[in-house]
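Laboratory data are not the source of any read-out in this text; all were calculated from the coordinates shown. The model shown is predicted, which means the values in this text are computed figures rather than measured ones. Backbone-built Cβ (ideal geometry, glycine too); neighbour counts: all protein chains shown.
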Ligand SMILES: *[C@@H]1O[C@H](CO)[C@@H](O)[C@H](O)[C@H]1NC(C)=O
Ligand SMILES: *[C@@H]1O[C@H](CO)[C@@H](O)[C@H](O)[C@H]1NC(C)=O
Ligand SMILES: *[C@@H]1O[C@H](CO)[C@@H](O)[C@H](O)[C@H]1NC(C)=O
Ligand SMILES: *[C@@H]1O[C@H](CO)[C@@H](O)[C@H](O)[C@H]1NC(C)=O
Ligand SMILES: *[C@@H]1O[C@H](CO)[C@@H](O)[C@H](O)[C@H]1NC(C)=O
Ligand SMILES: *[C@@H]1O[C@H](CO)[C@@H](O)[C@H](O)[C@H]1NC(C)=O
């Protein structure tokens, strides 16, 4: 068991109360958004093809996960849950500064924003807030991908509107929804392939698969309280995509015996995080309840059945930052990034880094993935690295 919360328990309580209220207010609007989602799916894959992600010459690929920026209006938006001495001259611009620092320190190959990118309830103009929130990734010319949280639609853009704005921004690989799928719930369901090193036998094969899903916002059913869940239509898309990728990976050239590892990114944690907590076998901290949907839509078992996804990365609960394994899949939080988001005074804002490393082949070239490691960086004086752990390696029993 972990020690109970001290100062921050109050703010966590308030979060939930506020969110309950907002649920009721946005319900009507969202019902409309769900209907619209069925007819707006075509997104060009031409552009994403050009920007093919691949492992670097050193056999590595690094992903920076940024969770819960909660960006609003910039300089005029104050920080939440910082020390009294830090209150003055603290705003959204500190979130921007942290992202710049992280980019310089880690030089990621991809940045993934796992939702609540903007805290739209406090944002005057959703498009402007989104532009400002993602600006550091854009100015650094780093490919980036974003999914939606439960707060992104609370300003003057709907969930569809937010995703449609995101895909117009520079250097993004985000998609409104997968091409060729004519029925899927939500906005921002898509996948990205990471190919092997250029010039190696795996240069045209995806050795690492990234799945992005919209975990929704709030339940539309009065009988089910709280948060939304990943729907059957999304799980079906995931299943088919995973199957296709596995077939390609296990076909010539360089036909492999098992699937390429996959990583899944979305906002709201799955109910199975509770199993990790109950096992007491995790790295990092749990300082607030797991705010999953109150029903289990089965996405975790869908992941287990597909067999390729080795780790799932979420946000939503800002003062939880742990990773732990349950039935062969690592469930990970990033910890809160944004200064306008609730947090815990004196407990640094943070981000999660993941590095995938290739195996050297006997011919001194690069083969399939060897391992996936993770750590976190804190927004303190030294951008301290903490909690380094191996999430997956190809010699784990049952790991391939
Ligand atoms: C926010 O940024 C200002 C200006 O750079 C800085 O003085 C202040 O220490 C920062 N606050 C926090 C909590 O990082
Ligand atoms: C949102 O509000 C801002 C500020 O009032 C306005 O400039 C912008 O056009 C609005 N966007 C939409 C999509 O209505
Ligand atoms: C990858 O595809 C390119 C373009 O089709 C081709 O020239 C190259 O030989 C392929 N590489 C391998 C290892 O199959
Ligand atoms: C976790 O432990 C709590 C407290 O013992 C128990 O109520 C709950 O059912 C457990 N959940 C799971 C998924 O094991
Ligand atoms: C804890 O989890 C790790 C994987 O993250 C596993 O290797 C280890 O065996 C687990 N320990 C216990 C006591 O279950
Ligand atoms: C940062 O690093 C310096 C030099 O290594 C050290 O003296 C200082 O205590 C560190 N600060 C923090 C907050 O870890």
Mean-square fluctuation maximum in Gaussian network of the chain, Cα pairs under 10 Å, restricted to 240, 349, 159, hits 240
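Take 254, 198, 363 and order them by how many other Cβ atoms sit within 10 Å, fewest up front.
363, 198, 254
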By Cβ neighbour count within 10 Å, fewest first, 288, 86 rank 86, 288
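Restricting to the chain, compute how many DSSP beta bridges are antiparallel as a %, nearest 5. Could you put the intermediate results ahead of the total?
Details: 37 of 61 bridges.
Bridges in the chain that DSSP calls antiparallel: roughly 60 percent.
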If each part is reduced to its alpha-carbon centroid, region 343-400 and region 149-183 end up apart, in Å, by 28
Relative contact order in percent for the chain (Cα pairs under 8 Å, 6+ apart) equals 19
The exposure ranking of 71, 190, fewest beta-carbon neighbours within 10 Å first, is 190, 71
Measuring from the longest principal axis of the C-alpha atoms of the chain, the long axis of helix 232-249 (C-alpha) lies at a number of degrees, nearest 10, equal to 30
Connecting every pair of Cα atoms under 10 Å apart in the chain and solving the GNM, the largest mean-square fluctuation among 297, 174, 89 falls on 89
Between residue 250 and residue 88, Cβ-based FRET efficiency (R0 45 Å, step 0.05) works out to 0.20
From DSSP H assignment alone, runs of 4+ in the chain each adding -39500 (n - 2.57), the sum over residues rounded to the nearest 500 puts [θ] at 222 nm at -8500 deg cm²/dmol
Using alpha carbon centers only, region 268-328 is separated from region 61-105 by a whole-angstrom value of 25
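Relative contact order, percent, of region 308-400 when contacts are C-alpha pairs under 8 Å separated by at least 6 residues? Could you put the intermediate results ahead of the total?
Working: 172 pairs, mean separation 18.0, N = 93.
It comes to 19 percent, rounded to a whole number.
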Computed from the beta carbon distance with a Förster radius of 35 Å, FRET efficiency for residue 365 and residue 183 to the nearest 0.05 stands at 0.25
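Tell me the Kirkwood hydrodynamic radius of the chain in angstroms, computed as one over the mean inverse distance between distinct C-alpha pairs. The partial results should precede the final answer.
Working: mean 1/r = 0.0473 Å⁻¹.
About 21.1 Å for the chain.
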In nanometres, the difference between 0.36 nm per residue of separation and the alpha-carbon distance of residue 388 and residue 57 is 116.8 nm
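According to the square roots a ≥ b ≥ c of the eigenvalues of the Cα gyration tensor, what is the shape class of region 275-400, taking rounded for a/c under 1.5, prolate for a/b larger than b/c otherwise, and oblate for the remainder?
Working: a/c = 2.48, a/b = 1.32, b/c = 1.89.
It is oblate, given that a/c is not under 1.5 and a/b is not larger than b/c.
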Computed over the chain: longest principal axis from alpha-carbon atoms vs helix 92-106 long axis, angle to nearest 10 degrees, is 20
For the pair residue 221 and residue 128, the simple spin-label estimate (label points 7 Å beyond Cα toward Cβ) gives in nm 4.0
Two pseudo-spin positions, 7 Å from Cα along C-beta at residue 121 and at residue 142, lie apart in nanometres by 3.0
So the angle from the long Cα axis of helix 8-36 to the longest Cα principal axis of the chain, reported in degrees to the nearest 10, equals 70
